[in-house]
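Colleague: The structure follows.
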Amino acid sequence: MSRVAVVGGGISGLTAAHRLRTLLGPGAEIVLVDRANRLGGKLHTYRIAGSGYDLGAEAFLARRPEVLRLAEELGLDSELVHPSGASARIRAGGHTLPLPSGMFMGVPTSAEAVRSVLSPEGCRHVERETELLPPRWEKGTDVSVGGLLRSRFGTEVVERLVEPLLGGVYGGSADELGLRATMPALAEALDAGARSLTEAAGRAAPAPSPATGQRPPVFGTFAHGYDTLVRGLAERARATVELGLPVRELHRSGRSWELVVGGAHRPRTVTADAVVLAVPPPAARDLLAEVAPEASVGFGRIRQASMAVVGMALPAGVEPPDSSGTLVARGERHADGTPFTAKAFTFSSTKWPHLRGSGGEPLVRASVGRGDPAELRGSDAELLRLVRADLAELTGITAEPVETVVTRWGGGIPQYGVGHTETVAAVEEAVDRVPGLAVAGAALHGVGVPACVGTGEAAARRIAGRLSRD
């Protein structure tokens, strides 16, 4: 019988535990340890107005297969739902406008495509970009997203288009993010010889939908929230789950592993034949310092950003705009000069028609956090007040919500900085040299749910392969 310890009960760790069970069979012992008091990590379904409402990750990219395959395997594919098709809007330059479609992650494919959102001067910058000398670019290199785009398009494209889109994924500044990890298709187009960023964006952008036929959905989620997936994975994994316990140390002892688990005053040792670490970079850095020092250094290079999500149930009959949501560009202000606090609103009951309170209450969520810790220092009550003021400015809705929840993700979003792909490659190479060890999680190959599922699957297969050889 093999005994495997999985450290971390988020989607990556849960996927690893489930896949280990299918690969190792019923006789294996799987121990899953998490310092939190619940499973799921940043997948968290709250009850608001009698309805399940995700206030962590909201959806998954349906064009990637990992979650779709996992849902089918778990018998949960009937739970999958897709958005209504309502379009998004953006607040930029003091106006709320339809989000332009002629872009790749905010990088324009032409000046005409983004003319509605930019000032005349900003449009001239985009028009002239194709006339500049080709970008200074060496194949395989990496640069700051913000730095490269500012040098080619000026500031407006970054602040009004790129940051609102990237910020929804990474929660930080475009100036701190690396192009190759966050916009790989754009980097590949430059590698292939694109003569301008406008041309590269045109190559990277998805092909337009055919004039006839239904466009396949881009996103999906679970009708009753991500808790459906969390419970399904936990049930299938049949692991011994220990919650509320930090793993303080990790040691290699001969062919076995020892994990020091629990508080400083009453720690205990858990032994295992193999270990999967599916924890945030700071924890991975500390746990790997002795057993894989090069990997520890790599994890130490990955910064973390914080964010908050405010969920609101509005009174029945108070309807948000007929839009999936509104992104807010950096630097936007209310009519009275007050800065916006929220970086985005999702009008969830418009975007996902199944999402309403038990009495028909429409649900709205606001995201806060662009990488500056000061944005999140206020109390929950103050954050709610500011977000409600933003909602009123954008939509005119001033009605008191019937129920609210403020959830904070402190240091919960890995920042894919310049050189991130090389950092991760070095981490995985160092871990591969240590028998019976694997890593998974959002810090590696993508912060979205499908990418996290993929790392959990890969970690489980590595461990199962090693144990079968031993």
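The values are calculated or read from the model by the stated rules, or taken from the named source; none is laboratory data. Treat the numbers as computed from the prediction; the structure is a model and nothing was measured. All Cβ positions, even for glycine, are placed from backbone atoms using ideal geometry, and neighbour counts span all protein chains on display.
Colleague: So how many residues does the stretch 445-470 have that are surrounded by fewer than 24 Cβ atoms within 10 Å (Cβ to Cβ) and under 20 Å from the mean Cα position of the chain (by Cα)? Write out each step before concluding.
Modeller: Of all residues in the stretch 445-470, those surrounded by fewer than 24 Cβ atoms within 10 Å (Cβ to Cβ) come to 445-448, 450-451, 454, 457-458, 461-462, 464-470.
When the remaining residues are screened for being under 20 Å from the mean Cα position of the chain (by Cα), the result is 445-448, 450-451, 454, 457-458.
Selection size over the stretch 445-470: 9.
Colleague: Is it the case that Thr423 is crowded, with 21+ Cβ neighbours inside 10 Å, of a type outside the set (A, V, I, L, M, F, W, C), in a helix (DSSP H, G or I) and over 17 Å from the mean Cα position of the chain (by Cα)? Even if it seems obvious, please write down each step before you answer.
Modeller: Details: crowded, with 21+ Cβ neighbours inside 10 Å: yes; of a type outside the set (A, V, I, L, M, F, W, C): yes; in a helix (DSSP H, G or I): yes; over 17 Å from the mean Cα position of the chain (by Cα): yes.
Against the criterion (crowded, with 21+ Cβ neighbours inside 10 Å, of a type outside the set (A, V, I, L, M, F, W, C), in a helix (DSSP H, G or I) and over 17 Å from the mean Cα position of the chain (by Cα)), Thr423 qualifies.
Colleague: Pull up the stretch 1-27, narrow it to residues that are among the charged types (D, E, K, R) and within 18 Å of Gly454 (Cα to Cα), then point me to the one that is surrounded by the most Cβ atoms within 10 Å (Cβ to Cβ).
Modeller: So the first thing to find is which residues in the stretch 1-27 are among the charged types (D, E, K, R), and the list is 3, 19, 21.
Filter once more, keeping what is within 18 Å of Gly454 (Cα to Cα): 19, 21.
Numbers: Arg19: 25, Arg21: 19.
Within the stretch 1-27, the match that is surrounded by the most Cβ atoms within 10 Å (Cβ to Cβ) is Arg19.
Colleague: Would you confirm whether or not the stretch 112-129 contains a residue that is hydroxyl-bearing (Ser, Thr, Tyr) and within 17 Å of Gly371 (Cα to Cα)?
Modeller: As a first pass, look at the stretch 112-129 and keep what is hydroxyl-bearing (Ser, Thr, Tyr): 116, 119.
Okay, now just the ones that are also within 17 Å of Gly371 (Cα to Cα), so none.
Within the stretch 112-129, none of the residues are hydroxyl-bearing (Ser, Thr, Tyr) and within 17 Å of Gly371 (Cα to Cα).
Colleague: Any idea which residue in the stretch 135-145 is farthest from the chain's Cα centre (by Cα), counting only those that are at pLDDT 95 or above and not acidic (Asp, Glu)? Before you say what the answer is, go through the steps one by one.
Modeller: Residues of the stretch 135-145 that are at pLDDT 95 or above, as a first pass: 142-145.
Next, only the ones that are not acidic (Asp, Glu) stay: 143-145.
Numbers: Val143: 21, Ser144: 19, Val145: 18 Å.
Ranking the candidates gives Val143 first.
Colleague: Being hydrophobic (A, V, I, L, M, F, W, C), closer than 30 Å to Gly52 by Cβ and modelled with pLDDT of 95 or more is the filter here, so list the residues in the stretch 278-307 that pass it. Even if it seems obvious, please write down each step before you answer.
Modeller: First, pick out the residues of the stretch 278-307 that are hydrophobic (A, V, I, L, M, F, W, C): 278-279, 283-284, 287-289, 291-292, 295, 297, 299, 302, 305, 307.
Now narrow it down to the ones that are closer than 30 Å to Gly52 by Cβ: 278-279, 283, 305, 307.
Matches in the stretch 278-307: Ala278, Val279, Ala283.
Colleague: Still on this structure: Contact list please: Cβ distance under 6 Å, first residue in the stretch 35-48 and at positive phi, second residue of a type in the set (Val, Ile, Thr), pairs at least six apart or on different chains.
Modeller: Within 6 Å, the pairs are Gly40/Val230.
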